[in-house]
Amino acid sequence: MTRWKSDRFAGWGRTAPALARAARPERQAELDAAFASAREFGATLPRGNGRSYGDAAQVTDGALILGTRLDRFISFDATTNLLVAEPGVTFGDILTAFLPRGLAAPVSPGTMYATLGGALAADAHGKNHDRAGSFGAHVEWIDLLIANGETLRCSRDQNADLFRATIGGMGLTGFVRRLALRLASASPFVRVKESRIDDLDEFFEEFAASRDSATFTVGWVDALAKGGRLGRGIFETAEYAPDAAQRPPGLRAPKPIPFDLPGFALSAPIVRGFNELYWRRVPEAGRDGIRALDRFLYPLDSLADWNRLYGKRGFHQFQAVVPDGTARDAVRDMLEKIAATGNASFLAVLKTLGGEGHGLLSFPMRGVTLALDIPNVAGADELLSSLEFVARDAGGRIYLAKDSHQSAATFRATYPRLAEFESVLAEFDPEKRFESDLSRRLGIRGRPA
Amino acid sequence: MIWVVIGASSTIAREFARQAAMQGAGILLAGRDRDDLATNAADIATRANVPVRVEHFDLADASEHIALLHAAQSFANGAEINLFLAAGTMPAQTEIDADPGLAAATIVTNYTGAVLLLQRFAPVFEAQKSGTIIALGSVAGDRGRLKNYVYGSAKAGLHAYLQGLRARLVRTGAHVVTLKPGFVDTAMTWGLPGLFLVASPAAIARAALTAAAKKRDIVYAPFFWWGIMTIIKNIPERIFKKLNI
Ligand SMILES: Cc1cc2nc3c(=O)[nH]c(=O)nc-3n(C[C@H](O)[C@H](O)[C@H](O)COP(=O)(O)OP(=O)(O)OC[C@H]3O[C@@H](n4cnc5c(N)ncnc54)[C@H](O)[C@@H]3O)c2cc1C
């Protein structure tokens, strides 16, 4: 009795929408029914809130099963801070329900609209990766609906191979129907220190000085600045400010962008001007201030549907990590290539990561990560490829939750635990029921399409 | 106070129960899917520090109505009882046309069952001289249409019943809200063609709580459906009967 909806589904970057069918179970029993019914449509894939940028959450001509309406908390143990929840719970839901009790998700991506299922599948990292690790590190167990229709409890002790494959596994091992996440202490406000950074070297010095001690660190880079100003930006560190006024940070309704913007809105001069203003906003001597936690963690969420800024053709998001040893040269190289094309992008994000994740396809490694939007205009392909090669040659890798472009060869060369991942899939999903446009493009379990 | 939430597995009811619990009300979830309701109860208990209980209940089985009434009274334990009625089904008109049994079932869940249940509960509201009943009607009940007329006629009957019940209870201090949602993004409408201005279940739940707090009588949710339905109601029948809606 599952009702399937035919529609186009895209990633947040909207570059390559896919025609597919989707079911959206509202109860656990409906999930099993939808999964059984999906068999007649071929490939199946879980999907959350569609906040991954590329083609990770879509499967052309296949069947998507949306987890967004399986959105309930199931239990919370105040002595261990262990929260059991359905996968459609979002980071915003956790903030609303738990911040008044002094708790928050231990690791949070840059949007509160991401679901827990999506964050687990991406093994998402936050602005505290150096010290907290990625999302999967805080997940105690999951209940996973696998290809044969059974549900298995997976943890570090139980079905450990499936557990490691599912963390960061981009939905390819099965549907996470429940998960247990350990929350961390938090307070509604953070004290944010911002400083102006004049060039890339200064950024690396700041990161080195605070990555092991600050709770949160993040850098915003003006990706259009060149020459002596290459790598200029704003560096932020933040600490919880438990003494700040105790106002629960009521989530403000985001202001919508009602239509796709015309192309010129993102032309180089406009973006250049915006980046300049953003940089000058922080006084030369730096500044200190109190900010609500949600505004700090989710700055982009105050504009709903901001992806429409990029117009109908959409945009790519490029995010790579490169190891500490090669980071300085590789990041410089990437920024030079971006600035040279002038392919306008708002602020790029620079962060440090602390180490490998638990998952077989986890993205993080100890090093530096650069993330930026690249509008889908002429020349974008060449730029993305050249950035991909810099990352690969520097011993880095590209984040699957953002990727829409890398080659299968680069992917295979840069994810060392891929073979192990593929053998777990071969064991638990011999018929290849789970697939995505991303897995097809990257040739996971077979030649790329 | 407590809210008895009927048809509690629907997403509108799920959101309503969450929001009412966040305002401090105890919640009694009544419906047929006990496992699912247990999950909703756990969700509410995790969010809000209020009493929550699950009762198995089938609106179509009138013999269960009295049991629910007793369960509500024991759960309320003297606190004010309020009632949110969201049970209902909306099979496609073509399916109903092919199966008379389905027409009967549609009338029972959307009309007869609701009336019999509210008749049972009315004396409770008269006796406590306060409290609110919110019943989900539908814009489909404002005018019979080709695509949805059995469901629409059941809702139209419910609307008329609620008007009378409102008049009966207002004399005692209790209140009845007729909530008429337009298209809502639920399992009921998922994948149906031709929908527009679709609202989220959370928005409908918010509108319901606001209507109760302000003692509104008949509320369209979102509000602009009032305008849409005013136009639709005013199309002459000789034209309307030919429309493919
Ligand atoms: C503004 C913005 C900022 C971001 N910032 C960060 C950041 O700082 N750090 C970071 O790591 N990421 C970041 N992201 C990326 C985001 O965290 C991930 O893409 C995340 O996966 C999105 O979750 P979602 O619910 O939207 O999942 P979707 O995009 O819908 O799906 C993502 C993947 O999860 C899988 N999946 C979804 N639900 C399930 C389930 N129940 N079971 C199994 N698999 C499932 C899908 O198959 C897919 O492969 C950001 C994204 C945006 C838009």
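Annotations
- Number of the condition not met by residue A:142 [criteria: (1) near the ligand (Cβ under 10 Å from one of its atoms); (2) away from chain B (no Cβ under 14 Å); (3) closer than 20 Å to residue B:18 by Cα]: (3)
- Note on the stretch A:173-189: residues that are of a type outside the set (Gly, Ala, Ser) and within 8 Å of the ligand (Cβ to nearest atom) total 4.
- For first residues located in the stretch A:81-100 and within 16 Å of the ligand (Cβ to nearest atom), partners that are aromatic (Phe, Trp, Tyr) and lie 6+ apart or on another chain with Cβ distances below 7 Å form the pairs A:83/A:73; A:83/A:76; A:85/A:73; A:89/A:73; A:90/A:113; A:92/A:113.
- A count restricted to the stretch B:172-182 and to residues that are assigned to a loop (DSSP other than H, G, I, E, B) and either over 25 Å from residue A:26 (Cα atoms) or within 14 Å of chain A (Cβ to nearest Cβ) (or both) stands at 3.
- Test: residue in the stretch B:31-42 that is among the β-branched types (Val, Ile, Thr), surrounded by 18 or more Cβ atoms within 10 Å (Cβ to Cβ), within 14 Å of chain A (Cβ to nearest Cβ) and over 20 Å from residue B:122 (Cα atoms): yes
- Counting only strands (runs of 3 or more DSSP E) wholly contained in the stretch A:100-206, the ones carrying 1 or more residues that are closer than 30 Å to residue A:227 by Cβ occupy A:189-197.
- The residue that is farthest from the ligand (Cβ to nearest atom), among those in the stretch A:277-299 that are assigned to a helix (DSSP H, G or I), surrounded by 13 or more Cβ atoms within 10 Å (Cβ to Cβ) and not aliphatic (A, V, I, L, M), is A:279.
- Evaluation of residue A:135 against (1) over 24 Å from residue A:77 (Cα atoms); (2) within 8 Å of the ligand (Cβ to nearest atom) (one fails), failing number: (1)
- Some residue of the stretch A:75-83 being closer than 26 Å to residue A:188 by Cα, under 20 Å from the mean Cα position of the chain (by Cα) and within 14 Å of chain B (Cβ to nearest Cβ): no
- Selection within the stretch A:12-26 - within 14 Å of another protein chain (Cβ to nearest Cβ) and in a loop (DSSP other than H, G, I, E, B): A:24, A:25, A:26
- Residues in the stretch A:72-86 that are outside any strand (DSSP E or B), at negative phi and not small (Gly, Ala, Ser): A:72, A:79, A:80, A:86.
- Checklist (1) over 23 Å from the mean Cα position of the chain (by Cα); (2) closer than 15 Å to residue A:278 by Cα applied to residue A:230, failing item: (2)
- Filtered by the rule that a residue be crowded, with 16+ Cβ neighbours inside 10 Å and within 14 Å of residue A:130 (Cβ to Cβ), the stretch A:205-232 gives A:206, A:207, A:210, A:211, A:214, A:215, A:216, A:217, A:218, A:219.
- Any pair with Cβ under 8 angstrom, 6 or more apart, that starts in the stretch B:187-205 at a residue that is under 22 Å from residue B:8 (Cβ atoms) and facing another protein chain (nearest Cβ under 10 Å) and ends at one that is part of a helix (DSSP H, G or I) and at pLDDT 90 or above: B:187/A:30; B:187/B:11; B:201/B:11; B:201/B:12; B:201/B:14; B:201/B:15
- Single residue of B:37, B:68, B:29 found to be touching a Phe, Trp or Tyr at 6+ places or on another chain (Cβ under 7 Å) and of a type in the set (A, V, I, L, M, F, W, C): B:68
- Subset tally (residues that are closer than 17 Å to residue A:182 by Cα and either of a type in the set (D, E, K, R) or more than 10 Å from the ligand (Cβ to nearest atom) (or both)) for the stretch A:107-132: 4
- Residue A:356 meets all of the listed conditions (1) free of Cβ contacts under 8 Å to residues at least 40 places away in the same chain; (2) farther than 30 Å from residue A:99 by Cα but one, namely (2).
- Matching residues, the stretch A:1-16, being crowded, with 16+ Cβ neighbours inside 10 Å and within 15 Å of the ligand (Cβ to nearest atom): A:9, A:10, A:11, A:12, A:13, A:14, A:15, A:16
- Near pairs, Cβ below 9 angstrom, 6+ apart or cross-chain, from the stretch A:105-118 (in contact (Cβ under 8 Å) with a residue 60 or more places away in the chain) to any residue that is part of a helix (DSSP H, G or I) and near the ligand (Cβ under 6 Å from one of its atoms): A:105/A:119; A:108/A:119; A:110/A:300; A:111/A:300; A:114/A:122
- Top-ranked residue in the stretch A:1-11 [being within 24 Å of the chain's Cα centre (by Cα) and assigned to a loop (DSSP other than H, G, I, E, B); ranked as nearest to the other protein chains (Cβ to nearest Cβ)]: A:10
- Pick from the stretch A:27-64, criterion basic (Lys, Arg) and not in a loop (DSSP other than H, G, I, E, B), ranking: farthest from the other protein chains (Cβ to nearest Cβ): A:39
The values are calculated or read from the model by the stated rules, or taken from the named source; none is laboratory data. On a predicted model such as this, the values are computed, not experimentally measured, just so you know. Please note: Cβ atoms are built from the backbone with ideal geometry, for glycine as well, and neighbour counts cover all protein chains shown.
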